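Right, one structure below, let's go through it.
Every read-out reported here was derived from the displayed coordinates using simple, explicitly stated rules and does not represent laboratory data. Predicted, not measured: the structure shown is a model, and the values here were computed from it.
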């Protein structure tokens, strides 16, 4: 399942409901959740990463927020607008949080 999260804070209960193999795309202010120095959600997201959750951010959001690739967790994929459009059009079921 595809999940799109655009704002902080991210509810730990939402993250607990994700399944192995799900893709979570962070957009807008939510991209701060996948920075190496993030706060409360870091532990929960790290645990989900090891359970094979696909974590992604949009390149455009990184540029807008002036965040470099090196500031992100190593497991986070950076996608461009074409990839974002492809993923959102290909997924039959997705949830958007916030």
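Applying 0.36 nm per residue to the separation of residue 11 and residue 29 and subtracting their alpha-carbon distance, the gain on full extension is 5.1 nm.
Length available on full extension from residue 19 to residue 60: 0.36 nm per residue minus the Cα-Cα distance, which gives 12.1 nm.
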